[in-house]
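The values are calculated or read from the model by the stated rules, or taken from the named source; none is laboratory data. None of the values given here were measured: they were computed from a predicted structure. Cβ coordinates were reconstructed from backbone atoms using ideal geometry, including for glycine residues, and neighbour counts include every protein chain displayed.
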């Protein structure tokens with residue numbers, strides 16, 4: 001997984017819980033302080049250990065934490081990839097074009113990067129049907145990112161789940177409706 005995700009997770013945890021908790025979490029997860037560089041790639045398992053420690057040791061709700069992290073990281077991702085985002089786009093446009101524009105750029109910028117595979121279909125001007133496929137099964141992060149993207153544009157996102165990998169499906173199929 002891209003080190004930028006770990007870098008942002010560190011600041012998300014520090015912002016939500018306070019500065020010292022990051023070191024506590026990494027010590028509990030790995031037995032020592034762990035340093036993550038934004039320019040490196042790391043094993044997916046490390047992310048799951050960190051989030052698992054928040055759930056097990058600090059009583060966090062797994063899906064809520066993943067959602068809030070997605071929402072937190074959305075403006076940072078938008079800033080990092082703003083050169084690829086058309087100024088005429090709104091939230092539904094960006095969501096609809098994430099795979100072809102943003103994920104393509106991620107794969108070029110960092111060799112070996114494996115963002116989730118997204119297939120989208122615009123079912124209405126304000127609605128995107130998204131198929132999400134990833135062995136990481138981080139569909140709650142996806143929902144958070146979509147919510148953060150909508151907020152960036154002064155809009156709101158709502159979701160209707162048709163299939164979910166967390167419930168045994170081979171992919172997530174989520175209808176994302178944008179209001180405002």
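Taking the conditions (1) under 23 Å from residue 52 (Cβ atoms); (2) under 14 Å from the mean Cα position of the chain (by Cα) in turn, residue 164 satisfies each one other than (2).
Results for (1) in contact with a helix residue (DSSP H, G or I) (Cβ under 6 Å, 6 or more places away or on another chain); (2) not assigned by TED's automatic domain parsing to the domain that holds residue 127, shown as yes or no for each residue.
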| position | (1), (2) |
| --- | --- |
| 20 | no, yes |
| 32 | no, yes |
| 43 | no, yes |
| 47 | no, yes |
| 53 | yes, yes |
| 81 | yes, no |
| 87 | no, no |
| 93 | no, no |
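State whether one or more residues within region 146-156 are more than 26 Å from residue 51 (Cβ to Cβ), over 14 Å from the mean Cα position of the chain (by Cα), in a helix (DSSP H, G or I) and without any contact (Cβ under 8 Å) to a residue 40 or more places away in the chain. No, because not a single residue in region 146-156 is more than 26 Å from residue 51 (Cβ to Cβ), over 14 Å from the mean Cα position of the chain (by Cα), in a helix (DSSP H, G or I) and without any contact (Cβ under 8 Å) to a residue 40 or more places away in the chain. It is to be established whether one or more residues within region 173-180 are more than 30 Å from residue 39 (Cβ to Cβ), out of contact with any helix residue (DSSP H, G or I) (no Cβ under 6 Å at 6 or more places or on another chain), at pLDDT below 95 and surrounded by fewer than 17 Cβ atoms within 10 Å (Cβ to Cβ). Checking region 173-180: at least one residue is more than 30 Å from residue 39 (Cβ to Cβ), out of contact with any helix residue (DSSP H, G or I) (no Cβ under 6 Å at 6 or more places or on another chain), at pLDDT below 95 and surrounded by fewer than 17 Cβ atoms within 10 Å (Cβ to Cβ). Selection within region 1-24: residues that are part of a helix (DSSP H, G or I) and more than 20 Å from the chain's Cα centre (by Cα). The member of this set that is modelled with the highest pLDDT is 24.
Okay, residues lined up against (1) touching a residue at least 40 places away in the same chain (Cβ under 8 Å); (2) in contact with a strand residue (DSSP E or B) (Cβ under 9 Å, 6 or more places away or on another chain); (3) over 20 Å from residue 144 (Cα atoms):
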position	(1), (2), (3)
29	no, no, yes
35	no, no, yes
41	yes, yes, yes
78	yes, no, no
82	no, no, no
94	yes, no, no
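Checking region 85-106 against the condition returns no match, with no residue being buried (at least 16 other Cβ atoms within 10 Å of the Cβ), under 14 Å from the mean Cα position of the chain (by Cα) and part of a loop (DSSP other than H, G, I, E, B).
Is region 112-134 home to any residue that is in contact (Cβ under 8 Å) with a residue 12 or more places away in the chain, assigned to a helix (DSSP H, G or I) and farther than 20 Å from residue 84 by Cα? No - not one qualifying residue is present in region 112-134.
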